[in-house]
Amino acid sequence: MDVLFKLFGSSLRVKLLRLFFMAPEELVTLAHARMRTDSDAPAVRRELNLLAGIGFIKERSVSAKVKTGKARLVKAWRFDSTFMYADALKRLVLSAECMNPVDIVGRLKGKGAIRLIILAGIFIDDENSRADMVIVGDQLKKTAIEEAIREIESRVGKELSYSLLSTKEFKYRIDMRDKFIRDVLDYPHKKILNKLGV
């Protein structure tokens, strides 16, 4: 039971669990974990050491380029599939809704005249989706939206595949029966904002 108590002590820990479950073969460095969880180095290092200490991840050294451009050995971690609670924990962590749709709309609010937000892929547990998110609107503030997407990525534990489209371009693509748009709309998805009546 001690292991389970340690596992669910912080939101950062849950972000790291999702990160390792989403890419179980990937070696994750401290810098990568910081970027993906949008957290500071000491907190991430503490959580990684805890997860390594209970056997959830294994540590190893890898060659990586540092700020000077030279390669040096750095610590990296990988999910240990032999962890005793791996299957049950994976089902629990990945089946839980990673982010509330209202939160997603809230994070994108004020970043343009957004008229449609479609979620697919990671948000509906469909690995075959062409995109995780499609955002349609006008006067879209690309930099601000990209920053919001990075925050969302830190919550879901995965880099998102997303598309930004103007309303005019979206309607044109629908009229032209664009394959990408058809693939998104004809297969499972969720519209969490729909001012276009699509």
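By the compact-protein rule of thumb, 2.2 N^0.38 Å, the alpha-carbon radius of gyration of the chain corresponds to a ratio of 1.16. Over segment 14-104, the pair-distance histogram of Cα-Cα distances with 10 Å bins from zero comes to 15, 46, 29, 9, 1 percent, rounded to whole numbers.
On a full-extension model of 0.36 nm per residue, what is the gain between Met84 and Lys142, subtracting their alpha-carbon distance, rounded to one decimal in nm?
16.5 nm
Build a GNM of the chain with springs between Cα atoms under 10 Å apart, and of Asp132, Asp40, Asp80 the one that fluctuates most is Asp40.
For the chain, complete DSSP H runs whose alpha carbons reach 15 Å or more along their own long axis and whose mean Kyte-Doolittle score is 1.0 or higher are 11-22.
Across segment 83-198 the C-alpha pair distances fall into 5 Å bins from zero in the proportions 2, 11, 21, 24, 19, 12, 5, 3, 2, 1, 0 percent. Each Cα pair under 8 Å and six or more residues apart adds its sequence gap; the mean of these over the residue count of the chain is a relative contact order of 22 percent.
Since every read-out is calculated from the coordinates, none of them should be taken as a lab result. Quick caveat: nothing in here was measured; it's all calculated off a predicted structure.
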